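The values are calculated or read from the model by the stated rules, or taken from the named source; none is laboratory data. Since we're looking at a predicted model, the values are computed, not measured. Note: ideal-geometry Cβ built from the backbone for every residue, glycine included; neighbour counts use all protein chains shown.
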Amino acid sequence: MTRKPNTLGEFIIGNQNDFKYSSGELSRLINSISLAAKVVNHEVNKAGLVDILGSIGDTNIQGEDQQKLDVYANEVFMQTLINREIVCGIASEEEDEFVKIEGRNKSHDNKYILLMDPLDGSSNIDVNVSVGTIFSIYRRVTPIGTPVEKEDFLQPGTQQVAAGYVIYGTSTMLVYSTGNGVNGFTLNPAIGVFYLSHPYMKYPNNGGIYSINEGYYSHFPQGVKDYLKFCQEETEDRPYKGRYIGSLVSDFHRNMIKGGIYIYPTSSKAPEGKLRLLYECNPMAYIAEQAGGKATDGYNRILEIKPTHLHQRVPFFCGSAKMVEDAEHFMAKYPEDAFYKEVPKTF
Ligand code: P6P
């Protein structure tokens, strides 16, 4: 009887042939991501003990205050992937432009590109709340051997070959999919090995948790307000519980296990929403759909949105399929053009 794989390494090797483009490159890429995650995990876990907390007084292209761990995590993932020569390009929340990567022989022979949010939820770092890394992997569309170009990064989410996240929480987990379901691996920090702890993760079709920053309620579109009233009314299976950590990876992970919906809609504070399409919404939407959930911008499937620029933002409704469909039902009462017109433009 063949023993079930119980470490990440065994799992990757055991499932390599399931991936129709398997050439070992993707396996090495996933392994490299797990290595970088262990290094970042080590720093995140001791962040309170060393002078790595707080802001470095710089801001990234998002205009957000760059936390030291943001910068550190970006460097660790970038260097690990560059040193192991397994991608031909990288885009990151922390990098204004995408990075072209040459191999030692000055060529660009690799076929994969990676997009990432190296440390999502970083505003939670100083208050010891879980944060995460989000990654998205595509095959390049421009000729192998040439420098990558912007069009390699502006592919719709349906073209992802793999996506996943690392959650640095009460335990550190790597959750990813290469298109054959979603599997979760928990790190044993004592020996630095990820073990298969959550095989074939599935979003419950319905749930009782909604995650949204209700502080912005007065700025939300009417469709979101109507859905929140639906969540909060007294019925046999409602009101739902409100749970919002302020860390997408953490809220998403809890909702995938328990059943729930995460919403970051437009508001006057964020006229296109806050979350970035390429390295937050697309990878999380890929995972959600692979786990039987749904992800839309309130009207359109996230994975089918054609990206127009690297740091593009979109509204994000993601989670249990029935809950996302309920939210879309309320959004549909307000046509999309009116929906955007409703949001006072602050620019
Ligand atoms: P707000 C973290 O900055 C993040 O991108 C997500 O992880 C999180 O869900 C959201 O923004 C929190 O944003 O506006 O509610 O503080």
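To keep it simple, each residue is scored yes or no on (1) under 30 Å from residue 170 (Cα atoms); (2) buried (at least 23 other Cβ atoms within 10 Å of the Cβ); (3) within 14 Å of the ligand (Cβ to nearest atom); (4) not polar (S, T, N, Q).
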| position | (1), (2), (3), (4) |
| --- | --- |
| 111 | no, no, no, yes |
| 118 | yes, yes, yes, yes |
| 123 | yes, no, yes, no |
| 129 | yes, no, yes, yes |
| 136 | yes, yes, no, no |
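Matching residues to (1) closer than 21 Å to residue 173 by Cβ; (2) in the same structural domain as residue 63 (by TED's automatic domain parsing); (3) free of Cβ contacts under 8 Å to residues at least 12 places away in the same chain; (4) not aliphatic (A, V, I, L, M):
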{"site": "257", "(1), (2), (3), (4)": "yes, no, no, no"}
{"site": "281", "(1), (2), (3), (4)": "yes, no, no, yes"}
{"site": "292", "(1), (2), (3), (4)": "yes, no, no, yes"}
{"site": "308", "(1), (2), (3), (4)": "no, no, no, yes"}
{"site": "316", "(1), (2), (3), (4)": "no, no, no, yes"}
{"site": "325", "(1), (2), (3), (4)": "no, no, no, yes"}
{"site": "332", "(1), (2), (3), (4)": "no, no, no, no"}
- Task: Kindly establish whether residue 159 is away from the ligand (no atom under 16 Å from the Cβ), farther than 15 Å from residue 319 by Cα and in contact (Cβ under 8 Å) with a residue 12 or more places away in the chain.
- Result: yes
Kindly check whether there is at least one residue in the stretch 199-218 that is within 30 Å of residue 331 (Cβ to Cβ), of a type in the set (Asp, Glu), in contact with a helix residue (DSSP H, G or I) (Cβ under 8 Å, 6 or more places away or on another chain) and outside any strand (DSSP E or B). yes
Screening 187, 119 for residues that are within 13 Å of the chain's Cα centre (by Cα) and not assigned by TED's automatic domain parsing to the domain that holds residue 256 leaves only 119
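Rundown of residues vs (1) more than 27 Å from residue 126 (Cβ to Cβ); (2) of a type in the set (Gly, Ala, Ser), yes/no style:
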residue	(1), (2)
248	no, no
254	no, no
276	no, no
291	yes, yes
295	yes, yes
300	yes, no
Scanning the stretch 239-266 residue by residue, those under 14 Å from residue 298 (Cβ atoms) and near the ligand (Cβ under 9 Å from one of its atoms) turn out to be 262, 264
Checked the stretch 86-109 for anything out of contact with any Phe, Trp or Tyr (no Cβ under 8 Å at 6 or more places or on another chain) and either of a type in the set (Phe, Trp, Tyr) or within 16 Å of the ligand (Cβ to nearest atom) (or both); matches are 94
Every listed condition ((1) part of a helix (DSSP H, G or I); (2) more than 16 Å from residue 169 (Cα to Cα); (3) more than 16 Å from the ligand (Cβ to nearest atom)) holds for residue 236 save (1)
If we take the stretch 78-183, then strands (runs of 3 or more DSSP E) inside it with 3 or more residues that are of a type in the set (A, V, I, L, M) and out of contact with any Leu (no Cβ under 6 Å at 6 or more places or on another chain) are 112-120, 162-168, 172-177
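Residues are listed down the side, and each one gets a yes or a no for (1) in contact with a Phe, Trp or Tyr (Cβ under 7 Å, 6 or more places away or on another chain); (2) within 16 Å of the ligand (Cβ to nearest atom); (3) more than 29 Å from residue 96 (Cβ to Cβ):
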{"residue": "192", "(1), (2), (3)": "no, no, yes"}
{"residue": "212", "(1), (2), (3)": "yes, yes, yes"}
{"residue": "218", "(1), (2), (3)": "no, yes, yes"}
{"residue": "231", "(1), (2), (3)": "yes, no, yes"}
